[in-house]
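These notes are about the structure you will find just below.
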Amino acid sequence: MKKLSRAVSKLKPEEAFIYLSKALKLKEQGRDVISFGIGQPDFSPPRHLIELAKKALNDGYSGYGPSLGLPELREAIAEFLNESYGTDIKPEEVMVTVGAKTAVFMGIISLVEPGDEVLIPDPGYPLYESAIRYAGGKPVFVPLNEKENFRLSYESFAEKINERTKMIILNYPQNPTGSTLEEKDVRDILEEAERRGIVIMSDEIYDRYSYDAPHFPTISYEGWRNLLYYVNGFSKTFAVTGWRVGYLVTNRELIEKLETVANNIYSCPVTFVQKALADALEEGINWFKPIFEEFKARRDIIYEELNKLKGVRCVKPKGAFYTFPDVKGIQEMVKARDTVELVERMLYETGVLALPGEAFPGNLSKGHLRFSFALPRERIREGIDRIRRWIEAFKTS
Ligand code: PMP
């Protein structure tokens, strides 16, 4: 095989998937693995959605569809957002994608040119850095302030803006820290971006998992059409990560271009799942309330339990289902070089998986682990108890 293209050789994987296969291998060998690894809800998709998917298959939704997504789903998404957030989004401003990931990737490769700077949160979701480098752009890390609950503040973004800044990527509630943005910061960042002609890409895939305050979306900003590329999806709220359906909202001119990008890459999103989701959205998401309450209770448990561990400092997450504790104390106790080694040993010696901070781009991720708390309360308790017993053995040895 000839040498890889320069662009593709710059891509980096999302390591959560690599650890997922390690945990699966151990499970196959009969180990009881407690995984705080991959970010995927543990509940089943709502029953009626599964029935609607079967119906869509029976009704013949098996062929190609439009690259921008089925019109009925684009319409249902616009209505769903407008009802949820009091916005005024038109179906023509919505595009359905193959998971939120392709929405992010297509946005970056369509807008970022070599030399452009893109501001991204530090620590952050791996895809942003990877796609920016693929496009030849320069990722500029904006540190989240751990002392302020990893707050993404207007001030920290404003400091990094210069004439080469093409785009700012926001992600809230955030992966991996569980922090979120407050309305004032959202408004200030968007105002500044609008004034300076900078594109905002806002990945709000965890919007329904906002525990302490209602989520304030970027699409609520009155002037959003001038500057916004909004990303969301069904993976996390409907527990259909494997169905691969996401969506974006942006202005019509850009959507026209993105249609060609999607047409070149995947022709169209999967048809029958789109039909099922369009029908399911009509019924609203009241069924999500108890799930939300359960996740909130798990958030409280993991926060308390982690903080009880010696060598751990944990900030209370405000959203998503992640927490990103500082574990330098444990790292020292067990004499692990970095969190990659810590995670490997913890997995093989206790059967508990968390993700190493180093799996998340940025300068601040070292010495941290990401715990996804998308697992039952008793498993959360047991997992952390295993870690406690493990580190206690080091203290006494
Ligand atoms: N954005 C963020 C911040 C995520 O955490 C994830 C999933 N881990 C995605 C996007 C991708 O979502 P999807 O499965 O819909 O592609």
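A few comments on the model shown:
- Relative to the 2.2 N^0.38 Å rule of thumb, the chain has a C-alpha radius of gyration ratio of 0.98.
- FRET E, pair D212, Y266, Förster distance 35 Å, beta-carbon r, rounded to 0.05: 0.40
- Counting only DSSP beta bridges whose two residues both lie in the chain, roughly 45 percent are antiparallel.
- In this rough spin-label picture, where each label sits 7 Å from Cα along the Cβ direction, the E182-E159 distance is 1.8 nm.
- Under 5 Å between amide hydrogens, built in the peptide plane, is the criterion, and for R370 it picks out L355, G357 among residues at least 5 positions away or on other chains.
- Cross-link table K10/K308; K160/K296; K12/K166, entries beyond 31 Å C-alpha to C-alpha: K10/K308; K160/K296
- Computed as a quarter of the hull surface, the mean projected area of the alpha carbon convex hull for the stretch 62-282 stands at 11.2 nm².
- DSSP beta bridges fully contained in the stretch 62-282 are about 35 percent antiparallel.
- Stretchable slack from F292 to R252, in nm (0.36 nm times residue separation minus alpha-carbon distance): 11.1 nm
- Residues in the stretch 78-91 carry Karplus couplings, in order, of 4, 5, 4, 5, 4, 5, 5, 10, x, 8, 10, 8, 9, x Hz; the curve used is 6.51 cos²θ - 1.76 cosθ + 1.60 with θ = phi - 60°, and Gly or Pro positions show x.
- Amide H to amide H, with H built 1.01 Å from N, S202 comes under 5 Å of L170, Y229, Y230, V231, counting only residues 5 or more places away or on other chains.
- Within the stretch 5-33, backbone nitrogen closer than 14 Å to the virtual label 7 Å beyond the Cα of Y348 toward Cβ: 22-23, 26
- Unit charges at the beta carbon, dipole of the stretch 62-282: most positive-side option, T180, I109, F216: I109
- Efficiency of FRET from Cβ geometry, R195 and K90, R₀ 35 Å, rounded to 0.05: 0.90
- If you take the Cα centroid of the stretch 189-212 and the Cα centroid of the stretch 53-128, the two points sit 16 Å apart.
- For D122, distant residues with modelled amide H under 5 Å away: V142, L144
- Karplus 3J(HN,Hα) series, Hz, for the stretch 257-272 with 6.51 cos²θ - 1.76 cosθ + 1.60 (x for Gly, Pro): 5, 5, 4, 5, 4, 4, 4, 6, 8, 9, 6, 7, x, 4, 6, 5
Any read-out appearing in this document is the output of simple, stated calculations on the displayed coordinates, not a laboratory observation. None of the values given here were measured: they were computed from a predicted structure. With ideal geometry, Cβ positions are generated from the backbone for all residues, glycine too; neighbour counts draw on all protein chains shown.
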